[in-house]
Amino acid sequence: MNRQGIGAVLLFAGIVLYGMIHIGTIMHLPDVTIWSNQWGRYLQSAFETGGIIGLILAILLFIIGVTLLLPRPLADLSKGRLMKEISERNREFDEKYGNQNN
């Protein structure tokens with residue numbers, strides 16, 4: 001399986017897992033007796049239902065899936081290849097049409 005296939009599977013798995021955790025958390029939300037804490041009612045409800053690990057895993061799967069789906073030229077941007085190509089094309093343009101800045 002190629003990189004984009006794995007990314008799509010991980011993205012879909014993260015979305016489905018988050019949906020299942022979200023449904024359980026929302027169903028338990030009215031039973032949460034704490035109105036204010038440092039995490040908020042949603043995360044308190046996820047913690048009480050035992051879904052906090054699944055919630056974190058779903059977010060990680062989603063992020064990894066999206067990262068794998070990103071096109072390769074975006075990765076080349078950090079390596080400087082894209083900037084080198086832009087400089088080369090700029091030089092070719094200046095040779096063909098002349099430098100207008102002088």
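Numbers for the structure displayed
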read-out: Scan of the stretch 21-44 for residues that are in a helix (DSSP H, G or I) and either exposed (fewer than 14 other Cβ atoms within 10 Å of the Cβ) or of a type in the set (D, E, K, R) (or both), ordered by number; value: I23, I26, M27, P30, D31, R41
read-out: Within the stretch 51-65, considering residues that are surrounded by fewer than 17 Cβ atoms within 10 Å (Cβ to Cβ) and more than 14 Å from H22 (Cβ to Cβ), the one nearest to the chain's Cα centre (by Cα); value: I63
read-out: Residue under evaluation W39, criteria (1) within 30 Å of the chain's Cα centre (by Cα); (2) at pLDDT 80 or above, criterion not met; value: (2)
read-out: Where a residue in the stretch 17-29 is free of Cβ contacts under 8 Å to residues at least 40 places away in the same chain and its partner, wherever it lies, is assigned to a helix (DSSP H, G or I) and of a type in the set (D, E), with Cβ under 9 Å and at least six apart; value: T25/E48; H28/E48
read-out: Candidate set: the stretch 67-97, residues that are modelled with pLDDT of 70 or more and within 30 Å of F12 (Cα to Cα); chosen: the one nearest to the chain's Cα centre (by Cα); value: T67
read-out: Any chance I21 is within 23 Å of the chain's Cα centre (by Cα), at pLDDT 85 or above and either within 25 Å of G5 (Cβ to Cβ) or not hydroxyl-bearing (S, T, Y) (or both); value: yes
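The values are calculated or read from the model by the stated rules, or taken from the named source; none is laboratory data. Keep in mind the model is a prediction, meaning the values are calculated, not measured. Every residue, glycine among them, receives a Cβ derived from its backbone with ideal geometry; neighbour counts consider all protein chains shown.
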